[in-house]
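Everything on this sheet refers to the single structure shown next.
None of the figures in this text is laboratory data; all of them are computed from the coordinates on show. Model, not experiment: these values are computed from the prediction. Note that we place each Cβ from the backbone using ideal geometry, even for glycine, and neighbour counts take in every protein chain shown.
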DNA sequence: CGCAATAGTCAACACTTGTTGGCCCACGCT
DNA sequence: AGCGTGGGCCAACAAGTGTTGACTATTGCG
């Protein structure tokens, strides 16, 4: 339909990516409703109608701007005891690498499509890891969910709400405190 | 100013509380931006202008609708080992009692005023508890923040994002898994 | 050069938002 | 009864939203 069959040869690519960058920034800072197409377009220094031309509508823009790959490393080669620490460290790096995850969380909280996308990421990226490492496969959804409560809670307080003492915590301390928690959720026997 | 010096004698009180109830529901379900005054007014079966009459503007309505008292019990009379369990149980009950906390979290994520209010609650209600129970008073902010990451993360996945496996978890299991975590964050020696 | 396709702009649309002011009606007092 | 106060509704405003279509400018190719 609105797809221009496979690739504009000219320099539209530059503005396309500029739009995506501006969109990520705005979605991360303001959430879905407050991140207006006009503001995004102004950040990208183009006309709002270009956004529509390239991405159809606001939902399409969001879908294109926020695509998440958690890049979870292969934890099966790690000693079982170090899985928790590796997870926490990896998540911290992912959150600080760019603002995509913040955007997704901010949007997911007030937008149905955003929440569903988070559920998708959980099911396709976190759950498989849990399946690999946790003892009883039948319990992996519950254990992955527990891990999600702790890791998303950290992201929420630290990167979204910016609760001062949570922001002030040095990375090493965060890891030292949370790693045993995640480790236990994944590998400990039932309490 | 818009304050009618201390009490309408007539039946305005009924509509006032109806507005607040509708507002709480809408803020909890939709967040700040999507919860429109018109929708709230329709839920309360009155005219949008009445909302303005009674609460000044949308911010005032939010302030009036969402006032949070965590009602944290006196934990100092509890055996130190049971503090974690008591906290988790209490928070679960608070979140399921009414939708105020959900509203606050949904709004806090995309609204500056909402985020500040959450910081206020943290400082005035959670921090004091941490000060009572954790060993080194200088560490209480960090430890309270850690507790916040776990408890808010639970609320986020279970009551806001509604991640299916987090919703499916029975209360007893949540407590069994999270209580040791909270207990450790509050009372364990530095890792 | 001339032509077609593409990148980009402008102005407008239909709608929703918070917010305001004027109006009517019902009640409670004297 | 009459009157005033205040609860409630209606209609409108100005601003901002996503979205659309027509128009211009620029580019590549023959």
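Out of every Cα-Cα pair that the protein assembly as shown contains, those further apart than 27 angstrom amount to 54 percent.
Relative to the longest principal axis of the Cα atoms of chain B, helix B:171-187 runs at roughly 70 degrees. Relative contact order of the range A:75-187: 41 percent, from C-alpha pairs under 8 Å at least 6 residues apart in sequence.
Look at the alpha carbon pairs under 8 Å that are at least 6 residues apart: their mean separation over the length of chain B gives a relative contact order of 23 percent.
Relative to the current alpha-carbon distance between residue B:162 and residue B:49, full extension at 0.36 nm per residue lengthens the span by 37.3 nm. Shielding of peptide A:174-181 by partners, expressed as the average count of other chain Cβ atoms within 10 Å per residue Cβ, is 5. Dimensions of the range A:33-79 along the principal axes, based on C-alpha atoms and rounded to the nearest Å, stand at 53, 19, 18, largest first. Averaged over the residues of B:30-39, the number of partner chain Cβ atoms lying within 10 Å of the residue Cβ comes to 3. Across chain A, Cα-Cα pairs farther apart than 32 Å form 26% of the total. For the range B:44-104, the Kirkwood hydrodynamic radius from C-alpha pairs, put into Stokes-Einstein at 37 °C and a viscosity of 0.692 mPa s, yields a diffusion coefficient of 230 µm² per second.
State whether the range B:75-187 is rounded, prolate or oblate according to the following rule on the C-alpha gyration tensor (a ≥ b ≥ c being the square roots of its eigenvalues): a/c under 1.5 gives rounded; otherwise a/b larger than b/c gives prolate, and the remaining case gives oblate. Here the range B:75-187 falls in the oblate category.
For a test of the definition: using alpha carbon positions, the gyration tensor, and the 1.5 limit on a/c, classify the range A:144-191 as rounded, prolate or oblate. Oblate shape, in that a/c is at least 1.5 and b/c is the bigger or equal ratio. The residue A:82 and residue B:17 beta-carbon pair, evaluated with R₀ = 56 Å, returns a calculated FRET efficiency of approximately 0.55.
Translational diffusion of the range B:1-109 was estimated from the Stokes-Einstein equation, with Rh taken as the Kirkwood radius over Cα pairs; at 20 °C and 1.002 mPa s the coefficient is 137 µm²/s. Note: relative contact order over the range B:13-66, using C-alpha pairs below 8 Å and six or more positions apart, is 38 percent.
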